[in-house]
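Written out below as structure tokens is the structure these notes cover.
The values are calculated or read from the model by the stated rules, or taken from the named source; none is laboratory data. Just so it is clear, the structure is predicted and the values come from calculations on it, not from any experiment. Cβ: placed from backbone, ideal geometry, glycine included. Neighbour counts: every protein chain shown.
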Amino acid sequence: MADNDQWYVFDDPHVVQVVPRNDTRDHDTCKPDHSCWCDPVIEREDGCLPLVIHNAHDGREAYEDGSRKPS
């Protein structure tokens, strides 16, 4: 597992998942179909593991991409 201040990265033999650290709601990382309440983005490229990117309940993506400014 690799991580930074805001995100965990879980990798196993079948999938790589990026999950928000300390989010306000838990994410489901165990379902074989990679479904979760946050409607994660699932990227698949030939020859690569699926990449599942979970969306944060606390909305941190809006701050990271600049569409929302800290108050």
In region 17-31, anything under 19 Å from Q6 (Cβ atoms) and surrounded by fewer than 12 Cβ atoms within 10 Å (Cβ to Cβ) is listed as N22, T24, R25, D26
Output the number of residues of region 5-29 satisfying the condition of being more than 11 Å from the chain's Cα centre (by Cα) and farther than 18 Å from H57 by Cα.
5
Selection status of R21, free of Cβ contacts under 8 Å to residues at least 60 places away in the same chain, among the basic types (K, R) and out of contact with any strand residue (DSSP E or B) (no Cβ under 8 Å at 6 or more places or on another chain):
no
Filter region 7-16 for residues that are assigned to a loop (DSSP other than H, G, I, E, B) and surrounded by 15 or more Cβ atoms within 10 Å (Cβ to Cβ) and give the result.
V15
Exactly one condition in (1) surrounded by fewer than 17 Cβ atoms within 10 Å (Cβ to Cβ); (2) part of a loop (DSSP other than H, G, I, E, B) is false for H34; which is it?
(1)
Note on R68: of the conditions (1) assigned to a loop (DSSP other than H, G, I, E, B); (2) surrounded by 10 or more Cβ atoms within 10 Å (Cβ to Cβ); (3) in contact (Cβ under 8 Å) with a residue 12 or more places away in the chain, unmet is (3)
For D58, work out the one condition from (1) at pLDDT 85 or above; (2) in a loop (DSSP other than H, G, I, E, B) it doesn't fulfil.
(1)
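Here's a check for you: in region 37-64, which residue that is over 14 Å from P20 (Cβ atoms) and more than 14 Å from the chain's Cα centre (by Cα) is surrounded by the most Cβ atoms within 10 Å (Cβ to Cβ)?
L49
Which ones in region 41-62 are in contact (Cβ under 8 Å) with a residue 12 or more places away in the chain and out of contact with any Ser or Thr (no Cβ under 6 Å at 6 or more places or on another chain)? Before the answer, list the steps.
Step one: filter region 41-62 for residues in contact (Cβ under 8 Å) with a residue 12 or more places away in the chain, giving 41, 49-58, 60.
The answer is V41, L49, P50, L51, V52, I53, H54, N55, A56, R60.
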